[in-house]
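Report on the structure given below.
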Amino acid sequence: MGVVFYPSRALLYNSKWMTYQSPPHGWRTFLIVWTTQSVSVFGSALTFFAVTIWLTQVLYPAPEQKPELAFALSAISLAFALPTVFGAPLAGAWADRHDRKRTMMATDLMNGCLTLLAAALMATQTMRLWMLIAVVFVASTLAAFHASAFDTSYAMLVPEKQLPRANGMMQTIWSLSGIVSPAIAAIIISLPTLARQGLVPGTPGVWLSRLSDGAPLAITIDAITFILAAATLLFLSIPSPKRTDLSADGKPQKSIWGDVRIGALYIWHRRPLLWLLGTFAVANLVSSPVGVLQPLIVKFNLADDWAARGFAFETAFALVGSIASIGGVAGGLFISSWGGLKKRRVYGVVVAMILSGIAEIVLGLSATLYLTAAMAFVLTGMIPIMNAHSQTIWQTQTPRELQGRVFAVRRLIAQFTWPLSTALAGWAGGVFNPGLVVTVLGSILVVFCVAQLFNPYLLRVEDKEWLDAMAARAG
């Protein structure tokens, strides 16, 4: 490995540092971790669907409660977004200072216990909105530390030439789990009702009939998947990079906040990377509200269509979610098999964003369930493509020992607009037509991304020598 230089203000790393030999069985280990984490994400998708149904059908079922429902959906999204975004720098610095395997195991176990608590509160009908918000906030904080450790671990396992394929597979996790999780969650949630109708025989039917709703059952499965994911890590070897700035006693010379500053300076002195993050910040600003507004669109804008087709709200919402997830898997499989662009990867980011913006426009204007589902397919299908190209750019531009710190600051800059847009979506969805709001936001995304195709700074984001020279001049 090459020498690490620390100019007075800038961070300049010799490109030879990027030479790294992955462990002999690194790809196999990555596949095992990817599989078990996918199962855990499947459980989390069950919880997401169960919580949404609980809010829309149990806590705020009446049409006149639309403002309260919009607020609740926004508050839950905010509780997830705030720790994810603003806890990222601390989580990233932690990942560079501690064993990443242990961090993943600990956060998986704690999230499993927390999820069991949420299931118990719902089962005993003592869950309140503020309790749910608190549970989601803590779970999201733990997930931020897990994500920082996980995102920087597989770059240590996978050979550099296979990183684009691994990134494509990583992008399929949420989508793959989402294909069947809405339908399975809907079945699980309906079990108590079926039991009271005598359709579930024996002791299980008696036990299930005592539950007011089946949301706790789906959430319990999530807890089990967390625990299984943690147990699997016990038998795997996942290396953590050795830092070059350790003192004589083997401890980092800088404080954890000093580590955060290093990550920020690395990006700040390479302005094209900052432009790339700014593009994602705008995309998150105008696309994140779709997750908050989609239940409202299905419940209110599409009610006549899905009712005419003989669907219930749960079925219609599950259909849109499943089709959207199929789109994400299709995009992930496409980028995994293709491997992505080898040069000019930034086009793989910007063009995918333009296509997702167009899909967002049509989704907002749609008055039919099937067209909405089709646009959700396209919208989520573009996400693995843009993210895989972006991730590969960052992995090839950032030394491995810095990736925890740099990636965490990167996440903060790219996603800081997410909580803001989520809060605004909760307000706008309760006051305006949610479909119109989505259409306006999609139009903004398309116009902005087309302009980025002519941004000379952004288009040179993969020129490492130029970026390093820029960082040297900043010092």
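Annotations for the structure displayed:
- Label-point gap, in nm, between Ile224 and Leu436 - each point 7 angstrom along Cα→Cβ: 4.7
- Calculation over all alpha carbon pairs of region 336-475 in 5 angstrom steps from 0 returns a P(r) of 2, 9, 13, 18, 20, 15, 10, 7, 4, 2, 0, 0 percent.
- Shown is the FRET efficiency for Ala308 and Val39, computed with R0 = 25 Å from the Cβ-Cβ distance and rounded to the nearest 0.05: 0.10.
- Of the residues Phe226, His269, Ala388, the one whose Cα sits farthest toward the positive end of the charge dipole of the chain, with +1 on the Cβ of Lys and Arg and -1 on the Cβ of Asp and Glu, is His269.
- Count Lys and Arg as plus one, Asp and Glu as minus one, and take only other residues whose Cβ is under 15 Å from that of Lys161; the net charge is then +3.
- Mean separation of Cα pairs under 8 Å and 6 or more residues apart, divided by the residue count, gives the chain a relative contact order of 28 percent.
- Remark: the chain is approximated by an ellipsoid whose semi-axes, taken from the C-alpha gyration tensor as √(5λ), come to 39, 26, 19 Å, largest first.
- Other residues with beta-carbon under 11 Å from the beta-carbon of Lys342 carry, at +1 per Lys or Arg and -1 per Asp or Glu, a net charge of +3.
- Net charge dipole size for region 256-369 [Lys, Arg +1 and Asp, Glu -1 on Cβ; Debye, nearest 20]: 760
- When its C-alpha radius of gyration is set against 2.2 N^0.38 Å (N residues), region 249-404 gives a value of 1.32.
- The stretch between Val450 and Ala134, if pulled fully straight at 0.36 nm per residue, gains 109.8 nm over its current Cα-Cα span.
- What you get for the chain, charging only the Cβ of Lys and Arg (+1) and of Asp and Glu (-1), is a dipole of about 1300 debye around the Cα centre.
- Region 46-131: projected area of the alpha-carbon convex hull, averaged over directions, in nm²: 6.6
- All Cα pairs of region 400-466, percent lying beyond 14 Å: 75
Read the figures in this text as sums done on the coordinates, not as results from a lab. Model, not experiment: these values are computed from the prediction. Here Cβ is always computed from backbone atoms with ideal geometry, including for glycine, and neighbour counts include all displayed protein chains.
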